[in-house]
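For reference, the structure is listed below as structure tokens.
The values are calculated or read from the model by the stated rules, or taken from the named source; none is laboratory data. Computed from a prediction, not measured in an experiment: that's the story for all the values here. A quick note on method: Cβ atoms are made from the backbone with ideal geometry, for glycine too, and the neighbour counts reach across all protein chains shown. Just the protein is used for accessible areas: all its heavy atoms, side chains included, with ligands, DNA and RNA removed. Shrake-Rupley method; radii C 1.70, N 1.55, O 1.52, S 1.80 Å.
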Amino acid sequence: RKDLSSMTELPDLSPWPGIDVVHIHGAPILNEVCLHHRAGSTLAVCDLVFNMKEVGGWFGVLFTHMTGTYQKLAMSRSWHAFARRKSQTVASIAQLLDYDAERVLMGHGDPLTEAGTERLREVIFLR
């Protein structure tokens, strides 16, 4: 739609009141951006973790087995390959895990509805 404007890149400071933006630096190919909604105690992540309980098709099964995300909450193994500047990635993830969020919404799979940040700490391996 031509009447809608878009941003090519989110700024470090959120343009929205009550929402914090966390860029996961050090892995430019993935260009991960996470959002924290303070009032809703919710984190939204794109590719940082997967929680796909049901995987359809042979390619989906193959892909999730290869990335270590098959039918479970997990951080993809691809982060090992794509985190070129690991210290930056680790620092960004630490910043994200500083938020105490009850819920986590993700681009791949079912949301976490309780103890969100706590459960992320259990599965994020880059630290």
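Just the accessible area per residue of the chain, please: how many Å² with a 1.4 Å probe?
For the chain, the solvent-accessible area averages 61 Å² per residue.
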Taking loop as defined by DSSP and a crowding limit of 13 other beta carbons within 10 Å, which GluC sites (Glu not before Pro) in the range 42-127 fit?
GLU54, GLU114
Considering only the range 13-127, percent of DSSP beta bridges that pair antiparallel, nearest 5
70
Listed by chain and number, the lysines with an alpha carbon less than 28 angstrom from that of LYS72, same-chain partners under 8 positions apart left out, are LYS53, LYS86
Accessible area in the full protein assembly, largest first, 1.4 Å probe, for CYS34, CYS46:
CYS46, CYS34
For the range 48-63, in residue order, the Karplus 3J(HN,Hα) values (coefficients 6.51, -1.76, 1.60; θ = phi - 60°; whole Hz; Gly and Pro = x) are 5, 9, 10, 8, 8, 6, 10, 10, x, x, 5, 5, x, 5, 4, 4
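Under the classification rounded if a/c is under 1.5, otherwise prolate if a/b is larger than b/c and oblate if not, where does the range 48-112 fall, given a ≥ b ≥ c as square roots of the Cα gyration tensor eigenvalues?
In terms of gyration-tensor shape, oblate.
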Using helices alone, what [θ] at 222 nm do you get for the chain, with -39,500 (n - 2.57) per DSSP H run of 4 or more residues, divided over all residues and rounded to the nearest 500?
-8000 deg cm²/dmol
